[in-house]
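Q: Provided herewith is a single structure, encoded as structure tokens, for subsequent inquiry.
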Amino acid sequence: MIARRGLIILGVVTLSGIPTGCGRRAELTAAPRGPVPLAINLDHLRHLGLNAVVRGHPVRVVSLYAEAPDYRPVGSPARDGFEGIASVDDAARAAVIYLRDYEITGDARSHDEALGLLAFITAMEQGDGEFINFIDSTGRLNRNAPSSRKSMSYWAARSIWALGEAVRVLGPKDSTQLKSMRPVLDRAVARMAREIEAGRLIGESTTATSEALLGVLALQKAERSTSRAVLGMRTADLIAAHSAGTMWNPPWGAHVDSPGAAWHAWGSRSVEALAAAQNTLGRLEHGASARKEADGLWGRFLLAGQIPSTVTSDGTANWYPQIAYGIGSIVDGYLALAEISSDPRYAVFAGLTAAWFLGANPERLSMYDEKTGRTFDGIDGPTPLKINRNAGAESTVEALLALQRVTSNPIAAEYLHYRPVGELSTSLASVPDQREYLGPAGESLILRRGGSGVEIARASTPPITLTYWPAANPVETRLALRLASQWNAENPDVQVRVQPLPAGRSSEEVLLAAIVAKATPDVSSNVSSALLARLVRAAGVVRLDTRVATAARLKERTNSAMLASLRLPDGGIYAFPWKTNPEMLMYNVDLFKAAGIGPPKTHSELVDAWHKLARDTDGDGRLDRWAMWATLKTTWYERFYDFYALYLASSGGRTLVNNGKIVFENPAAVSALDVLRRGFAEGVLPKSNFALGRDPFMDGTVAMKIIGPWFIKELDELKVRGLRYDVTAVPSADGTRAGDSFAFADLRSIAIFSTTRHPDAAARFVAYLTSPAADRLLIEEASQLPYRRGLASDSRFTVSLARWPTLSTYATYVERSRDLDIDPDVVEIFDLLSEAYEESAIYQTTSVRDAVKKAASEARNVVNAR
């Protein structure tokens, strides 16, 4: 029997030297504070939102203008022909913002705003895939203005974009909500296809055609279709055919509407759409056409230090007005190129370009205000320079679209506060060969003209060195060495030294001893949730959601729901959730077939399977083949593979502790222990431990095993010949609703220790370790899963997941998993549950209900005592 009280002992290191009070003390070595991540504020966009009734349907719209100083939403002025109060143009792009915000934050307000705007869009469709653009304050459609007439033009293209994004983001969860909108999308795509098949740009514009293509590609990501892929490729081909000039001749690869036409910055999304087409459809020539404009024309913008509004076919630039509509699409284009290449330049360029919103502009004024969410309508000039301080829908929307993505990219986010040095160029034909940009702390970044566009050269400074401790197992050590080698080659100013975790009885023991000795590394990637609360109480780790690089990667990789259980009481994230091993029930396919049973879904079916699979194969009167093995060991972490996995399968996502309160005295805990009790009491779970070093599932001795995907690599190497296996969800208590079943995450996180002298460099390295490219290596080399939203359906990981049998099934549970509570007493709580398991399940010396009640009572005493 285990009977630990007071101190938790891990190996020979006690936690008595680690503070256990509720308050955190100052970090041991005050890690220098760097720039704060930029906040994406949707308040002004919501302020512009209005209720309306259009064609009998209640909808949400976005007011066209908001004039300083009171920023009251108003409609179109006389100079624009009194077009109306709101447009599909703005509503569609605003819907994309809300959809992407909901994807990251789970904010119900963004979900509802998106649906309201989508309702407006669908109400403006005229039954044939064409749309009207404007309504007046009464909800009446403006059918006469040239910028509003029924057509397949800009507003139709943006409707396709928004509706395609809606299917991608909401499709799996809100199919009922989207049902009424889907016919409109289908008609619009069909109408678009007729234009493309005729060789015509949507609205005679590469901009509109590109935005329609973004919608088709979003739809294709959500729902693979051969005909849609063909439409996407033909659309991308048509856009690429409108590239003009060369890298060295004006207009330097710009995608223009017609031969000889000027390139304009307004919504110039050709680069973004073509890069996205390569990403989704796999045609390299589309990415090449995107890079031609970005490396040629846009590279000159970087060397000039500013972005013009138009560029004529002979290269003459007009520099004003500068508006968000002309900046945001270039930012998004660079980021799209960063996604399809391993070249970090494009993310750097995206950050430098987006810096216009924060003051890297001729007026040196921040155009975006993160306190209110407003973006000024623009800068006119050149003499005198004049700021338009109004904050209408288009400026707000275009700024938010760009900044949402920049702040989700760790590299781009780092360069938001850089500024060009020296006089800005007024000619694209004679831009300087290099341009220096300075960071907020005086960091120097030099851009130089190169053979393939603009190249990056940093000022020569002595490199700093970071120490990285990965887990000591061979697979993770090899992965760490490979990733560090790539990092070191790309980052000469920050070099990483890999040292596997020093030997010890556990990683917890080693890291705690290192804290006591003030000998922690800069970074370690083997931090368990069981240890994290103690590390935070010891002020031993750096908060990561307030560091630019790690905050950006958290946005790119996770969502609010995935982070909710990982936040400490102050709301902070102190370890980056890196890899997860959601536990499932692995079973021997042939043994199940021979027994005439299928994978069990409930506890009753599980017990029935135990009986049918237990056998005496040698006739000695004793069972020697078993359905499953539940270990007799009462070490706290052994409960991950029996009680805790069964508990989470029935608990609706409830863990053991919530806000310092013990919450496991419930039917899910009783059911989990009771099914194990039945197995032991009825003689179908072995009351013995198997030989050390022998895995009974691999040799066919047992037919089932609760295990995570890390086991697949080992199984693939050591299983007996002919063993066929599959995985299914861990069975839940009888009567459990399907949506209430969760898996145990068995999460491992990455921490930056407070002793580091270079927390921002360490944060950039952590963001690198959790990038999509690094995540693919983690899957392929270790059969382990990144803690990443949408992993199972993300086309970037399809091939990697297919490398290992059943891994794609495991991936479906990444977001339906729960880890250990980040509580300083969680190990002792598991010790108490192990006592309950031993007493009630193995030996049946007490009832299950009494055992759960006793464990909960003693756990309350533990947490109440601190």
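The values are calculated or read from the model by the stated rules, or taken from the named source; none is laboratory data. A quick note: this is a predicted structure, and the numbers were derived from the prediction, not measured. When we count neighbours, we look across all protein chains shown, and the Cβ atoms used for this are built from the backbone with ideal geometry, even at glycine. These area figures cover heavy atoms from the full protein model, side chains too; ligands, DNA and RNA do not enter into them. Shrake-Rupley method; radii C 1.70, N 1.55, O 1.52, S 1.80 Å.
Q: What does the convex hull of the Cα atoms come to per residue for region 686-816, in Å³? Mind dumping the intermediate values first?
A: Numbers: hull volume 23.2 nm³, N = 131.
Per residue, the Cα convex hull of region 686-816 comes to 177 Å³.
Q: How many angstrom lie between the Cα centre of region 170-232 and the Cα centre of region 749-825?
A: Result: 32 Å between the Cα centres.
Q: For Gln220, what charge total do you get from the other residues with a beta carbon under 10 Å from its beta carbon, if Lys and Arg give +1 and Asp and Glu give -1? Each step should come with its number before you reach the end.
A: Values: positive: Arg168, Lys221, Arg224, Arg228; negative: Glu223.
Around Gln220, the surrounding residues sum to +3.
Q: Let me ask something additional. Where nothing but the Cβ of Lys and Arg (+1) and of Asp and Glu (-1) is charged, how large is the charge dipole of region 91-152 around its Cα centre, in debye to the nearest 20?
A: So the dipole magnitude of region 91-152 works out to roughly 320 debye.
Q: Going by alpha carbons, how many degrees (0 to 90, nearest 10) lie between the helix axis of 393-406 and the longest principal axis of the chain?
A: The angle comes out near 40 degrees.
Q: Which loop-located GluC sites (Glu not before Pro) does region 669-776 contain, where loop means any DSSP state but H, G, I, E or B and the Cβ has at most 16 other Cβ atoms within 10 Å? List each step's numbers first, then the result.
A: Working: sites: Glu682, Glu714, Glu717; in loops: Glu682.
Answer in residue order: Glu682.
Q: Given axes a ≥ b ≥ c from the Cα gyration tensor, I'd like to know whether region 590-644 is rounded (a/c under 1.5), prolate (a/b larger than b/c) or oblate.
A: On the way: a/c = 2.81, a/b = 1.33, b/c = 2.12.
Here region 590-644 falls in the oblate category.
Q: Ok, one more. Nearest 20 debye, what's the magnitude of the dipole of region 287-380 about its Cα centre given +1 on Lys and Arg Cβ and -1 on Asp and Glu Cβ?
A: Roughly 140 debye, rounded to the nearest 20.
Q: Between the alpha-carbon centers of region 303-327 and region 484-545, tell me the distance in whole angstrom.
A: Computed from Cα coordinates, the inter-centre distance equals 47 Å.
Q: Right, here's the next one. Treating the angle as unsigned and between 0 and 90°, give the value, to the nearest 10°, between the Cα long axis of helix 772-782 and the longest Cα principal axis of the chain.
A: 30
Q: Determine the share of the chain's accessible area contributed by carbon and sulfur atoms, expressed in whole percent, with a 1.4 angstrom probe.
A: Details: 16480 of 32780 Å².
In the chain, the share of accessible area belonging to carbon and sulfur is 50 percent.
Q: Greater than 22 Å separation of Cα atoms is the criterion. Which listed pairs, Lys221/Lys579; Lys579/Lys713; Lys633/Lys661; Lys555/Lys661, meet it?
A: Details: Lys221/Lys579 24 Å; Lys579/Lys713 15 Å; Lys633/Lys661 27 Å; Lys555/Lys661 29 Å.
Too far apart for the 22 Å limit: Lys221/Lys579; Lys633/Lys661; Lys555/Lys661.
Q: Under 20 Å Cα to Cα from Lys719, which lysines show up? Leave out anything in the same chain fewer than 8 places away.
A: Qualifying lysines at Cα under 20 Å: Lys593, Lys705.
Q: Hey, got a sec? Which trypsin sites (Lys or Arg not before Pro) in region 39-84 land in a DSSP loop and have at most 16 other Cβ atoms within 10 Å?
A: Values: sites: Arg46, Arg55, Arg60, Arg79; in loops: Arg55.
Of the trypsin sites (Lys or Arg not before Pro), the ones in loops of region 39-84 whose Cβ has at most 16 other Cβ atoms within 10 Å are Arg55.
Q: Something else: Treating each Cα of region 586-742 as an identical point scatterer and ignoring solvent, apply the Debye formula and state log10 I(q)/I(0) at q = 0.12, 0.21 Å⁻¹.
A: The Cα Debye sum returns log10 ratios of -0.53, -1.52.
Q: Under a straight-distance cross-link criterion of Cα-Cα below 15 Å, which aspartates and glutamates are reachable from Lys612, leaving out those fewer than 8 residues away in the same chain?
A: Asp590, Asp624, Glu682
Q: How large is the dipole of region 432-527 about the Cα centre if only Lys and Arg carry +1 and Asp and Glu carry -1, each at its Cβ, rounded to the nearest 20 debye? Mind dumping the intermediate values first?
A: On the way: 9 positive and 10 negative charges, 31 e Å.
Value, rounded to 20: 160 debye.
Q: Please work out the Cα center distance from region 838-866 to region 264-280, rounded to the nearest Å.
A: 60
Q: May I ask what percent, to the nearest 5, of DSSP beta bridges between residues of the chain are antiparallel?
A: Around 85 percent antiparallel, to the nearest 5.
Q: Specify the angular offset, from 0 to 90 degrees and rounded to the nearest 10, of the alpha carbon long axis of helix 206-222 from the longest principal axis of the alpha carbons in the chain.
A: The angle comes out at about 10 degrees.
Q: What is the sum of charges, Lys and Arg at +1 and Asp and Glu at -1, for the other residues whose Cβ falls under 13 Å from the Cβ of Asp380? Walk me through the intermediate numbers first.
A: On the way: positive: Lys386, Arg389; negative: Glu363, Asp377.
That sum, taken over residues with Cβ under 13 Å, equals 0.
Q: Further, regarding this structure: Take the alpha carbon gyration tensor of region 258-412, find the square roots of its eigenvalues, order them as a ≥ b ≥ c, and report rounded if a/c is under 1.5; if not, report prolate when a/b exceeds b/c, else oblate. Provide the component values of the computation, followed by the final result.
A: Values: a/c = 1.92, a/b = 1.31, b/c = 1.47.
Here region 258-412 falls in the oblate category.
Q: Right, next: Give the accessible surface of the chain per residue, rounded to a whole number of Å², with probe radius 1.4 Å and ligands, DNA and RNA excluded.
A: Details: 32780 Å² over 866 residues.
For the chain, the solvent-accessible area averages 38 Å² per residue.
Q: A follow-up question, please. Around Asp618, under 13 Å between beta carbons, what's the net of Lys plus Arg minus Asp minus Glu among the other residues? Intermediate results must be reported in sequence, preceding the final value.
A: Details: positive: Arg615, Arg622, Arg625; negative: Asp616, Asp620, Asp624.
Here the count lands on 0.
Q: Next up: List the trypsin sites (Lys or Arg not before Pro) within region 362-433 that fall in a DSSP loop (any state other than H, G, I, E or B) and whose Cβ has at most 15 other Cβ atoms within 10 Å. Spell out each step's value before the answer.
A: Working: sites: Arg364, Lys371, Arg374, Lys386, Arg389, Arg405; in loops: Arg364, Lys371, Arg389.
Qualifying residues, ordered by number: Arg364, Lys371, Arg389.
Q: Asp343 versus Arg721, label points 7 Å from Cα toward the beta carbon: distance in nm?
A: For Asp343 paired with Arg721, the spin-label model returns 5.1 nm.
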